[in-house]
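Taken together, the values in this text are just the output of simple stated rules run on the coordinates, not laboratory data. This is a predicted model, so every value here is computed, not measured. Glycine also receives a Cβ, built like all others from the backbone with ideal geometry; neighbour counts cover every protein chain displayed.
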Amino acid sequence: MKRQKLHIVIIGNGVAGNSAASIIRQTDKEAAITMISHEPFPEYSACVLSKKYISGEMKRGEVFLKTFQDYSKENVTILFGQKVIKLDFLKKEVILETGIKGYDKLIIATGGRSLVPKIPGIDKEGIFTLKSLEDAERISNYSGRKAVVIGAGPIGVEAIISLKKRGWDVILVELLDYVLPTLFDNEVSSILRKRIEDYGIEVLTGERAVGFIGDGRVCAVSTERREIKCGMVILSLGIRPNVALAQEAGIKIGSLGGIKINDHLMTNVEDVYACGDCVESRNIISGENILCLLWYNAKIQGEIAGYNAIGIGKNYQGTMNISSVEIFETYAVSIGHNMSSLKGINVKVIERKSNWYHRLLVVDGIIVGAQLVGRTSDIGPLVNAIRRKDTLEGLHRVIGDGNLLSKNPLCYKLFPYIGQLV
């Protein structure tokens, strides 16, 4: 008897949804795949929007990772530019504004949404978030000479650099005491802040935006300390899991605000999976749940969700932070924990300074985090050391053993000083 064709519906057209679709099609040539997205575009790289697109270094057509024809070649039915308004798990139906789509398996990959605070004047013209292609297009097409970027996370830092390259006068405002606070410790942040300021960008830390001034169009930002005149504001206050649709349908949400999943990426609802920025991930180092809104994590989760949706059991092992930024050709990488995620824990800090800077965080002899500025190539052995929970003593033995070192010479490049520190 011929097997009934499986129908899988994927909500979301980012890296998680597309990775799921690709795995399903590679593994099952017969399964019917329908992909739904509220955006009208084929898949694009959100990573380049703040870094290359709004700076003018990348043309619009270059941000796309797929064409509409690519979906057709993979035999994926697309419903783009359509909004899902409800999920009916009893009937196994996705209700759209334009109709109803039934499913056998459902993968939710709805991504994240920009955090927008309730600040007086927030609805004025010229105030933008920077998450989607439409956001980036509106920013690129907006006229002015001076901008304020609120929030010194990776997107905010990339945005100030891009606007500076376009000739804008830019000021960066951050509530916390240093830039890139979720990735780097204060000592590393100070190096990167100086790099930013050396290029003529003013950085204001420890300041909260309390209002926006202007008749219709923003002309100034009020903080607790001053008024900053500007013609445009970009809000970069973080990304939150986009879970409203799932939550309304009865899917369990974790304490951090993401969809709860098991090791197979399944939700609490049978035959419903979730992956990408909308879920809570497990930290492979600590075992605790985290929000890991990163491209590589979404890709891995999408693939695992795709496998499990067609009955091929794959376990999600968890993830850890591996984030990088480029500030005017100075590269910095953060791996694993930083001091802010290790509050209340006795941490040994190991630093090495030259024309570059390396920083290791060690807890009970085990390397749990690393931050590098300037010399960030060949980080593979370091990533693996943190993932495996290697000790300093273990790394010392590797470096001290000529046979092992010859097999992995990158260890010496990264850890030339470990032997002095054990």
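Each part reduced to its alpha carbon centroid, the range 25-53 and the range 59-92 end up 6 Å apart.
Cβ-to-Cβ counts within 10 Å put 143, 286 in ascending order as 143, 286, the fewest first. Restricting the calculation to Cα atoms, every distinct pair contributes to the Kirkwood radius of the range 133-210, found to be 12.9 Å. For the range 116-237, the number of Lys pairs separated by eight or more positions or lying on different chains, with C-alpha atoms closer than 24 Å, is 18.
If you average the sequence gap of Cα pairs under 8 Å that are 6 or more apart and divide by the length of the chain, what percent do you get for the contact order?
Working: 889 pairs, mean separation 61.5, N = 422.
Relative contact order of the chain: 15 percent.
Amide H contacts under 5 Å for residue 10: 34, 35, 36, 107, restricted to partners 5 or more places along the chain or on a different chain, H placed in the peptide plane at 1.01 Å from N.
Taking all C-alpha pairs of the range 21-115, those more than 23 Å from each other amount to 37 percent. Per-residue Karplus couplings for the range 81-95, computed as 6.51 cos²θ - 1.76 cosθ + 1.60 with θ equal to phi - 60°, are listed in order as x, 10, 9, 7, 10, 6, 10, 10, 6, 5, 8, 6, 9, 9, 9 Hz, Gly and Pro entered as x. Taking a cut-off of 21 Å, what percent of all Cα-Cα pairs in the range 128-273 are separated by more than that? Here the tail beyond 21 Å accounts for 53 percent of pairs. Which entries of 101/314; 5/92; 29/86 show an alpha-carbon separation above 19 angstrom in the structure shown? Beyond 19 Å: 101/314; 29/86.
Less than 5 angstrom separates the built amide H of residue 146 from those of 169, 231, 232, all sequence-distant by 5 or more or on a different chain.
Look at the dipole of the range 16-87 built from charges on Cβ: of 23, 79, 34, the Cα furthest out on the positive end belongs to 79. Ordered by the number of other Cβ atoms lying within 10 Å of each residue's own Cβ, fewest first, 232, 58 fall into the sequence 58, 232. Close amide-amide hydrogen proximity is noted between residue 202 and 170, 172, each under 5 Å apart and 5 or more residues distant or on a separate chain (H modeled in the peptide plane; Pro and chain starts excluded).
This ranking places 324, 281 by how few other beta-carbon atoms lie within 10 Å of each, fewest first, which gives 324, 281. Derived value for the range 266-380: Kirkwood hydrodynamic radius 16.1 Å. Basis is the mean of 1/r over every pair of different alpha-carbon atoms.
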